[in-house]
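Below is one structure, written out as structure tokens, with a few remarks after it.
The values are calculated or read from the model by the stated rules, or taken from the named source; none is laboratory data. Only a predicted model underlies this, so the values are computations on that prediction, with no experimental measurement involved. Don't worry about glycine lacking a Cβ; one is built from the backbone with ideal geometry, like all the others, and counts go over all protein chains shown. Accessible surface areas use protein heavy atoms only, side chains included; no ligands, DNA or RNA. Shrake-Rupley method; radii C 1.70, N 1.55, O 1.52, S 1.80 Å.
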Amino acid sequence: MLKNFSKWLVLAALVGVVFIPSAARAQERHRRGGINQHQRHQQTRIRQGVRSGELTRREAARLQAEQARIRVHEAFARRSGGEFTLRERRRIAHAQRHASRHIYRQKHDEQDRN
């Protein structure tokens, strides 16, 4: 009886080690928001930059094109298997971080629309 109990205890510990971190990652991903939420935020930043004059029309067009390329990559990744793999998700997130940096740099480059 004690031998079976110890086997179950070890099994329960292994299950906890495997599933608790994945649940924490899922919760963290939910807290940060998803890919679509990030894209909406970046579109809002671009529109705000145009309205305030921080972005020229040409800069805004380039940034919009970059966002469109990211959406195409996302659509392709979704079509290729239904759900993102971790690698695809990381690639899209990486592209979004670069796009976010580009938006910031263009909004703060001392050029303004007249």
The condition of being basic (Lys, Arg) and modelled with pLDDT of 95 or more holds, among Arg105, Arg62, Arg78, Arg71, only for Arg62
Taking segment 59-78 and keeping only residues that are touching a residue at least 40 places away in the same chain (Cβ under 8 Å) and under 18 Å from Gly33 (Cα atoms), one is left with none
Ile92 meets each of (1) open to solvent by 30 Å² or more (accessible area, probe 1.4 Å); (2) part of a helix (DSSP H, G or I) with one exception, condition (1)
Residue count, segment 43-73, condition closer than 19 Å to Ile92 by Cα, open to solvent by 90 Å² or more (accessible area, probe 1.4 Å) and among the charged types (D, E, K, R), comes to 3
Residues in segment 95-114 that are open to solvent by 90 Å² or more (accessible area, probe 1.4 Å) and assigned to a helix (DSSP H, G or I) total 4
Contact list, first residue from segment 32-58 and on the phi > 0 side of the Ramachandran plot, second anywhere and surrounded by 11 or more Cβ atoms within 10 Å (Cβ to Cβ) and of a type outside the set (Ser, Thr, Tyr), beta-carbon distance below 6 Å, six or more apart or interchain, is Gly53/Asp112; Gly53/Arg113
Exercise. Answer yes or no as to whether Gly81 is without any contact (Cβ under 8 Å) to a residue 60 or more places away in the chain, open to solvent by 50 Å² or more (accessible area, probe 1.4 Å), out of contact with any Pro (no Cβ under 9 Å at 6 or more places or on another chain) and small (Gly, Ala, Ser).
Key: yes
